[in-house]
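First, the structure itself, so that you have it in front of you.
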């Protein structure tokens, strides 16, 4: 981040109004007042402060309520950046006082940008496709959370009235279309028992492309393990079909979002760039782009790998704890996309397969070997996004490798 700015503006953004604090290189305040969420007022401030020289405008939220100030600042010729929330909270502890005011937050943003520019992050120069992807990614994430909550509600209800039946759906099978259809149709243990095995099996076969007999046998075996009827069972079996219907609707909404994203990316250049790499199809490319945009927010491949959670974490304390360990954090969407694409490539791309086999020969387990491959491919993906260039198969074996996770 270029630190040679005549003015640094810290903007604590809000829904209807912001607070702006502008500092010169010596830390003197040039402006410290509330500012309405209005293009004219924002432009007046940015234009006025440009009389002092080049201006950097820093926000604490680059999206949603911070989108208009960023757009106006750029249109006025200012540079823009944002201070991540975690860095903001840590930096606030360095300043005296414990009050939480918009004026104090704006000053901290501006002073941090002035004195510790390494904490700032770039704001992507989004085109319409990337901006739309971010909106859809946020919507899809909300749908995913709502789906998880609804599934947990069903699981809780089943555990309340028939624990043995709930255990049949361990391991993620509760979210499958067939199980949701069964719960929506029959409600729960009483409805399933009343319908009988033969009728339930016929229904399941009509709603499944695979033979569901094993699942139906497991269900009726569990039903036979409990003879008592728990109080409120009737009420629970009225609720379960409705929640199952909600889950189906949420899943359909997520499928619709996925189709919209794929259609949007068919002619998008960066999608073509990513899909030129073995193991990356339209769905994986969409997941990567929704997570990182055009990649300009990452200075190095290591930063990208750390954000994805595929870079090893060093733990060292005295003589008792030493080594590299898998990261437990990271963007789950991006991590899954990179892992899945590396796994596919290890099965179909000779170069990736050779690298995977070498890691396995070194004693690494399957998942660790795939993550090593994903970390290596992360370097290539970073360069492809940065330069907008298509994948080129390496002609010689690499002499250096990125740090790999311990087996």
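The values are calculated or read from the model by the stated rules, or taken from the named source; none is laboratory data. Owing to the predicted nature of the structure, the values given are computational and were not obtained by experimental measurement. Here the Cβ positions follow ideal geometry from the backbone for every residue, glycine too, while neighbour counts run over all protein chains shown.
If you scan the stretch 254-268, which residues turn out to be outside any loop (DSSP other than H, G, I, E, B) and more than 17 Å from residue 141 (Cα to Cα)?
Correct list: 263, 264, 265.
Next question, about the same structure. Quick check: anything in the stretch 130-146 over 24 Å from residue 285 (Cα atoms) and modelled with pLDDT of 95 or more?
Yes: the stretch 130-146 contains one or more residues that are over 24 Å from residue 285 (Cα atoms) and modelled with pLDDT of 95 or more.
Count, please, the residues in the stretch 61-92 that happen to be buried (at least 20 other Cβ atoms within 10 Å of the Cβ) and part of a loop (DSSP other than H, G, I, E, B).
3
Take the residues in the stretch 156-174 that are crowded, with 16+ Cβ neighbours inside 10 Å and within 34 Å of the chain's Cα centre (by Cα); name whichever of them is farthest from residue 242 (Cα to Cα).
Across the stretch 156-174, the extreme among qualifying residues is 168.
Per-residue answers, yes or no, for (1) in a helix (DSSP H, G or I); (2) surrounded by fewer than 17 Cβ atoms within 10 Å (Cβ to Cβ); (3) at pLDDT 95 or above; (4) touching a helix residue (DSSP H, G or I) at 6+ places or on another chain (Cβ under 9 Å):
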site	(1), (2), (3), (4)
202	yes, yes, yes, no
211	no, yes, no, yes
216	yes, no, yes, yes
219	yes, no, yes, yes
239	yes, yes, yes, yes
245	yes, yes, yes, yes
252	yes, yes, yes, no
270	yes, no, no, yes
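Can you work out which of the residues in the stretch 314-328 that are surrounded by 10 or more Cβ atoms within 10 Å (Cβ to Cβ) and in a loop (DSSP other than H, G, I, E, B) is modelled with the lowest pLDDT?
Top of the filtered list is 326.
Go through the residues of the stretch 26-39 one by one and say whether even a single one is part of a helix (DSSP H, G or I) and either surrounded by fewer than 20 Cβ atoms within 10 Å (Cβ to Cβ) or not assigned by TED's automatic domain parsing to the domain that holds residue 299 (or both). Let's see the steps before the verdict.
Initial filter on the stretch 26-39 (part of a helix (DSSP H, G or I)): 39.
Narrowing further to those that are either surrounded by fewer than 20 Cβ atoms within 10 Å (Cβ to Cβ) or not assigned by TED's automatic domain parsing to the domain that holds residue 299 (or both): 39.
Checked the stretch 26-39: at least one residue is part of a helix (DSSP H, G or I) and either surrounded by fewer than 20 Cβ atoms within 10 Å (Cβ to Cβ) or not assigned by TED's automatic domain parsing to the domain that holds residue 299 (or both).
Do the conditions hold for residue 9, that is, is it modelled with pLDDT of 90 or more, in contact with a strand residue (DSSP E or B) (Cβ under 9 Å, 6 or more places away or on another chain) and part of a helix (DSSP H, G or I)?
Details: modelled with pLDDT of 90 or more: yes; in contact with a strand residue (DSSP E or B) (Cβ under 9 Å, 6 or more places away or on another chain): yes; part of a helix (DSSP H, G or I): no.
It is false that residue 9 is modelled with pLDDT of 90 or more, in contact with a strand residue (DSSP E or B) (Cβ under 9 Å, 6 or more places away or on another chain) and part of a helix (DSSP H, G or I).
So residue 111 ticks every box in (1) out of contact with any strand residue (DSSP E or B) (no Cβ under 6 Å at 6 or more places or on another chain); (2) at pLDDT 90 or above; (3) within 30 Å of residue 285 (Cα to Cα) but one. Which box is left unticked?
Condition not satisfied by residue 111: (3).
Ok, one more. Anything in the stretch 329-345 that is farther than 10 Å from residue 309 by Cβ and surrounded by 21 or more Cβ atoms within 10 Å (Cβ to Cβ)? List them, or say none.
Passing the criteria: 337, 341, 342, 345.
Another one. Quick check on the stretch 290-302. Is at least one of its residues part of a strand (DSSP E or B), at pLDDT below 95 and out of contact with any strand residue (DSSP E or B) (no Cβ under 7 Å at 6 or more places or on another chain)?
no
Just to be sure before I move on: is residue 226 part of a loop (DSSP other than H, G, I, E, B), surrounded by 13 or more Cβ atoms within 10 Å (Cβ to Cβ) and not assigned by TED's automatic domain parsing to the domain that holds residue 280 in the structure I sent?
Details: part of a loop (DSSP other than H, G, I, E, B): yes; surrounded by 13 or more Cβ atoms within 10 Å (Cβ to Cβ): yes; not assigned by TED's automatic domain parsing to the domain that holds residue 280: yes.
Yes; evaluated as a whole, the condition is true for this residue.
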